[in-house]
Each structure stands twice: as C-alpha cells, then as structure tokens.
1. More than 13 Å from the chain's Cα centre (by Cα), of a type in the set (V, I, T) and surrounded by fewer than 23 Cβ atoms within 10 Å (Cβ to Cβ): does that describe I116?
2. Could you tell me which residue of segment 189-205 is farthest from the chain's Cα centre (by Cα), considering only residues that are not in a loop (DSSP other than H, G, I, E, B) and not small (G, A, S)?
3. Which residue, of A174, A186, is under 21 Å from D281 (Cβ atoms), assigned to a helix (DSSP H, G or I) and of a type outside the set (V, I, T)?
4. From V119, V94, V79, grab the single residue that is over 19 Å from A194 (Cβ atoms) and either at pLDDT 95 or above or of a type in the set (A, V, I, L, M, F, W, C) (or both).
5. State all residues of segment 127-144 that are under 24 Å from A190 (Cα atoms) and surrounded by fewer than 17 Cβ atoms within 10 Å (Cβ to Cβ); if no residue qualifies, say none.
6. Can you tell me which residue within segment 136-169, out of those that are within 19 Å of I116 (Cα to Cα), part of a loop (DSSP other than H, G, I, E, B) and of a type outside the set (S, T, Y), is nearest to the chain's Cα centre (by Cα)?
7. Scan segment 124-135 and report the pairs whose first residue is part of a loop (DSSP other than H, G, I, E, B) and at pLDDT below 85 and whose second residue is surrounded by 16 or more Cβ atoms within 10 Å (Cβ to Cβ) and among the hydroxyl-bearing types (S, T, Y), with Cβ atoms within less than 6 Å and a gap of 6+ or a chain change.
8. Checking the condition aliphatic (A, V, I, L, M), under 24 Å from G57 (Cβ atoms) and in a helix (DSSP H, G or I), which residue from L288, L238, L293 passes?
Amino acid sequence: MTAKNNTAGPVQHSMPTAKSSFQKKLERGKFVFTVETHLPKGTDLSEVMANAKLLEGSVDAYNIPDNTRSVMKIGGIGVCRLLLEEGFEPIWQVACKDRNQLALQSDLLSGWVLGIRNVLALTGDPPQVGDHPNAKKVFEFESVKLIKLIHNLNAGFDEAGNTLKGSTNYFVGATFNPNYSNQDRAIRKAEAGARFFQSQLVFDSAKFIEESAKIRQTGAKILAGIIPIQSAKMAHFLAKKVPGVRVPDSLVKEIGASDNPEKTGIEIARRTIGEIRKHCDGIHVMPLKRQELVLELVD
C-alpha cells in the first residue's frame, strides 16, 4: 500500500491523462485506505506535509476538505497541488455552499490542469454553522447536480453546452449515510456519475452492510467511514451532538468503562473494520487531529 502516485509530473493542459493510482487500485479490486486531512486556518502547512509523510505507505489517498462545517480554512486546490508535487495522492473535496456554477466550473478546470484527478462532490454546510455566520450562502447547485456538471466537463462540455478546448477526466466520488434506510439520494448520485462513495461514520456493522449493498449494486465502490474514539467524552459527543451519526449505547458504555479509552476506541475501530471488510472496497479514516492513530488501523 502506498500513497505515491503517477499524476504529479508535468502539468497537462488539454487532453485527459491516465487514471489516478487511487482509481486504478479500486478498479482492480485492491482494498484501500484513505484519510481525512486536517487543514490549518492560515498558510502554515508544515503539519499537513509532516502527517502526509508520517502515513506514507500506509494510506492510498488523502482527503483534502473544503471548509468543512463552513469553518474557513486554507483552500484545498493549492494543498492538493503541493501534495502531488511530493508524490502523494489527494482526493479534492468540492462543495457547492459558496460557489455558483461559474466558480465551480472554473475551479474544476483549474484543478485538472494542476494535476488533481480525484474529486469528492459535496453540497456543503450552511455558513450559519461555521465561524463566519454572516457569510452569504450560494447553494446554486447541490451534490447530485455537481456530479452531473463534472460528468459534462469530463465529456468536454460546460454547463451551458459549450464545447471545451481540452476536457477533464475526473474520478468522481460522493458521500452517503449508512445509518439511514433510504439510499435513494445516494443511488441518484451514482446514476449521475459518482464512481466511489465515502460513508458517514460506521458503528453499526450490520446496518452498514445492509445499506452499502444497495449502492454497490450500481457498480460504485464503497469506502466505510471509521473514526477511532479517543475518550468517553468523545463517544458521548458523537452519540448526542453529531447529526447523522448513530453510536450504539453498548459502545458508549464500553468506552466509558475502559481504563484506557483510546486503546479501547482503536480496538472497536479495528473490530468494525474486520466485520465490514468483505462488504466494502476500502476504509476512510477520520482521525481528527490525531493522524498517527491511522497507523493503528492499517495492517
């Protein structure tokens, strides 16, 4: 397993190039690991690059967020390019919350010529939940429509139907929540062109297996979202405060009764991976700022 890729060389300005190493691994059936990268509020990327090197050889791609929960951070497009220059494979998250269709298309074309090949299409969170609550929301598009837009760019056309002088060939991903029974929206994302999915956090293995099977019927690849719980406080927060996440009471009690909650959290994460491994194509680890915990989950 390696984070190195072959897409960071000379910038291509027109015709689509070869598939990303991340795409090729998934398509040939390799079980992959990706990690959510914590970006700074500012320009100091020393920790980002140090963490990338720390996980080199242990993860296959690095998710680069787009102002998650509408908290202003450095933009992902530049971080992706810097990772590519060091030989690391990024997955660029692109959200609709603060871009209209002109900005989305312009950014996507720019990302392509900078060497980015993997995109995770998101709707995004409203500004009111973030640190700039007075910012004006856009939401001209949502994730399904964004996936269709990227599909058009890949086909050589913009949203208005104009022919592009040089198209893209993005490997497009999306998200889904395995904690709910209705996967119609996720299936619409697959029908629009999503080729891989990263899931919301998984704590109920049986429910994940049931819901992910509905999406895998479309041919899309599935990466299960895993977080190593680090404390009893964190377990209670995930269970009570994070929308869309369902943590069984038994796991909260198991963490609460532990003399070493962090170790127990890692054991729970490893146990969950073991239970779902045959029913997904990879794991997406969300370790918050504790990137070193990823090493505990990767064999």
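1. Working: more than 13 Å from the chain's Cα centre (by Cα): yes; of a type in the set (V, I, T): yes; surrounded by fewer than 23 Cβ atoms within 10 Å (Cβ to Cβ): no.
In short, no.
2. Quick first cut of segment 189-205, residues not in a loop (DSSP other than H, G, I, E, B) only: 189-192, 196-201, 205.
From what is left, the residues that are not small (G, A, S) are 189, 191, 196-198, 200-201.
Working: K189: 15, E191: 19, F196: 10, F197: 8, Q198: 6, Q200: 10, L201: 12 Å.
The extreme case among them is E191.
3. Working: A174 fails: assigned to a helix (DSSP H, G or I).
Matching residue, one of A174, A186: A186.
4. Values: V119 fails: over 19 Å from A194 (Cβ atoms); V94 fails: over 19 Å from A194 (Cβ atoms).
From the options V119, V94, V79, the qualifying one is V79.
5. Correct list: F139, E140, E142.
6. If we take residues in segment 136-169 being within 19 Å of I116 (Cα to Cα), part of a loop (DSSP other than H, G, I, E, B) and of a type outside the set (S, T, Y), then N169 is nearest to the chain's Cα centre (by Cα).
7. Listed pairs, sorted by first residue: G130/S70.
8. Numbers: L288 fails: in a helix (DSSP H, G or I); L238 fails: under 24 Å from G57 (Cβ atoms).
Step by step, each of L288, L238, L293 is checked, and only L293 is aliphatic (A, V, I, L, M), under 24 Å from G57 (Cβ atoms) and in a helix (DSSP H, G or I).
The values are calculated or read from the model by the stated rules, or taken from the named source; none is laboratory data. It should be emphasised that the depicted structure is a prediction, and the values quoted were computed from it without experimental measurement. Backbone-built Cβ (ideal geometry, glycine too); neighbour counts: all protein chains shown.
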